[in-house]
Amino acid sequence: MSSNEVLHSELSQNASEETKRQFAFMEKATAYVEELSKELGRKPTACVVTFGCQMNARDSEKLLGILKKIGYEEVESEDADFVIYNTCTVRDNADQRVYGRLGYVSGIKKKKPHMKIALCGCMMQEQSAIEKIQKSYRHVDLIFGTHNIFKFAELYCTMIESERMIIDIWKDTDQIVEDLPIARKYSFKSGINIMFGCNNFCTYCIVPYVRGRERSRNPKDIIREIEYLAEDGVKEIMLLGQNVNSYGKGLPESDQMSFAQLLEEVCKVEKIERVRFMTSHPKDLSDGLIEVIANNEKVARHIHLPLQSGSDEILKKMNRHYTKESFLALVDKIRTRIPDVSITTDIIVGFPYETDADVDDTIDVVKKAKFDNAFTFIYSKRTGTPAASWEQVPESVSKPNFDRLLKVVQETAKEQASRFTGQTHRVLVEDINEQDSSLVTGRMSNNTLVHFPGSADLIGNFADVSLDECHGFYYIGHMI
Ligand code: SAH
Ligand code: SF4
Ligand code: F3S
């Protein structure tokens, strides 16, 4: 799906000095793109390929906002005049996929010398990746990281003015640059960053190293952006942060706000009909937050609550700050107060020192917590994290454990999904069904999908749908 109109495309009146600087670079870049356009005899095309999480997806919308503003046409194909890979490095296979794409795109560039290739995102924050690209992927024109993405217009100009590979990586930043252009993927829903970075340092995780220290956006800026989006037709928003439950730390005294309070404020924005958030760390999920969700119809009935492991020993080694028992008590509290909520999770198998008995504990939690869905991962060693230097579990142990966990996860999820059969739920229609164009796909408040007969004019609207048949992870239904 192609992007919608560029938001904040004009310089706002109270823009910061840095925002003004970047708008000046956008003007300069526009002239460069016009020149290229004359040479090509058409509008140049740009393709942004996104790996990883919702944070990266939102960052890609920021890149596209600038690309569109300076005169590029967005395309899906990597056979474009400018290709940007927004990378992830949370697991090794994410890295490998990027190298695979780089190999593929070098073939295209050989036939199209004016083509430009850029790399950004989490993987670029790692020195070893930069070294490998410098050595083996010389056709890359621009590399930047997660902390200076706001400088994209400036970096674009530098890239055009230079023959050499441009590399600009910052170690960290406390800067948050507001009011730059953004091109949303969907007209009717949008992610919103409420915080950046992470301070939790789970011992397996690379994110704190590549995304920097946790910093919260000012609540006034968040609400202003949401009001803007609401006016622009957005009905559903997702508040984004690595650990939204610790939102607000470090804000100036006059702007102090907890995540529960922020969520309440966001729900007050008229025209916003549904509010999601991602991700909740179990150690910081407060009773206050549970109350706000329970009392606000607008808050989606879905909590993503990563478990990672059900073994106390392993949780301790992971630096997660909760136990099997406290996690289960939390799930119980949530389900009692919000009975129709879906709880989904992330689980890692094969963490250093993990035994079969530890995985038994994880499986026990899955059965007791009755997760509506769980994303299961085999532990991937990330250089620079504490767990990377610990004794690793061989695949001959982790793989069978992964398989037996997956089986229980799937059984539980299937059982859970069917509990709404026969009910009528309000869904936000997102798309035409990929397999059958007589159907549309809607998303329930609890994040489950339902496919039902309908046409394209329903997209972006809410509909009441009867959930007739459960097919594992989705429903087939009909509109009431
Ligand atoms: N901030 C979120 C998760 C971000 S990463 C949280 O705290 O839950 C998304 C998921 O990737 C994590 O929940 C974890 O399950 C998984 N993950 C992170 N590092 C990993 C690693 N080294 N190997 C395997 N999975 C990992
Ligand atoms: Fe990684 Fe833990 Fe931070 Fe999540 S909370 S991003 S798993 S360090
Ligand atoms: Fe990946 Fe970075 Fe997100 S490492 S999971 S894209 S924060």
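The values are calculated or read from the model by the stated rules, or taken from the named source; none is laboratory data. Nothing here was measured: the structure is a model prediction, and the numbers come from that model. Virtual Cβ from ideal backbone geometry, glycine too; neighbours counted across all protein chains shown. For accessibility, only protein heavy atoms count, side chains too; no ligands or nucleic acids. Shrake-Rupley method; radii C 1.70, N 1.55, O 1.52, S 1.80 Å.
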- Task: With +1 on each Lys and Arg Cβ and -1 on each Asp and Glu Cβ, and nothing else charged, work out how big the dipole of the chain is about its Cα centre, in Debye to the nearest 20.
- Result: 780 debye
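I need to check one value: relative contact order of the chain, counting alpha carbon pairs closer than 8 Å and at least 6 residues apart, in percent. Provide the component values of the computation, followed by the final result.
Numbers: 940 pairs, mean separation 50.6, N = 480.
The value is 11 percent.
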- Note on the structure: When the charge dipole of the chain is computed with +1 on Lys and Arg Cβ and -1 on Asp and Glu Cβ about the Cα centre, the Cα farthest towards its positive end, among Ile476, Ser258, Thr203, belongs to Thr203
- Query: Averaged per residue, what accessible surface does the chain expose to a 1.4 Å probe, in Å²?
  - Reply: 44 Å²
- Note on the structure: Using a 1.4 Å probe on heavy atoms of the protein chains only, the accessible area for His321 in Å², nearest 10, reads 130 Å²
- Item | Placed amide H near Asp431: partners under 5 Å, 5+ positions off or other chain | Thr441
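Counting only protein chains, not ligands or nucleic acids, how are Ser311, Ser437 ordered by accessible area (probe 1.4 Å), most first? Kindly include the intermediate steps, with their values, before the conclusion.
On the way: Ser311 0, Ser437 90 Å².
Solvent-accessible surface, decreasing: Ser437, Ser311.
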- Listed residue (Ile182, Thr50, Val98) projecting farthest to the positive dipole end of the chain, Cβ model: Val98
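So for region 98-226, averaging the separation of alpha carbon pairs under 8 Å that are six or more residues apart and normalising by length, what relative contact order in percent results? Each step should come with its number before you reach the end.
Details: 136 pairs, mean separation 27.0, N = 129.
Averaging sequence separation for qualifying contacts and normalising by length gives 21 percent for region 98-226.
If you average the sequence gap of Cα pairs under 8 Å that are 6 or more apart and divide by the length of region 203-262, what percent do you get for the contact order? Can you show the working numbers first?
Numbers: 27 pairs, mean separation 22.7, N = 60.
Across region 203-262, relative contact order equals 38 percent.
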- Query: Which order do peptides 45-54, 463-472 fall in by mean Cβ count within 10 Å, highest first?
  - Reply: 45-54, 463-472
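Could you order peptides 303-309, 111-117 by the average number of other Cβ atoms within 10 Å of their residues, highest first? Don't jump to the answer; show the numbers that get you there.
Details: 303-309: 23.1, 111-117: 14.4.
So the peptides 303-309, 111-117, ranked by packing, come out 303-309, 111-117.
So what is the calculated 222 nm ellipticity per residue for the chain, using -39500 (n - 2.57) for each DSSP H run with n of 4 or more, over all residues, to the nearest 500 deg cm²/dmol?
On the way: 13 runs with 174 residues, N = 480.
Helices in the chain give a 222 nm mean residue ellipticity of -11500 deg cm²/dmol.
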- Task: Give the residue from Val359, Gly310, Ile343 lying farthest towards the positive end of the charge dipole for region 293-375; charges sit on Cβ (+1 for Lys and Arg, -1 for Asp and Glu) and the dipole is referred to the Cα centre.
- Result: Ile343
- With all protein chains present, region 269-349 has a carbon and sulfur share of its accessible area (1.4 Å probe) in percent of 48 percent
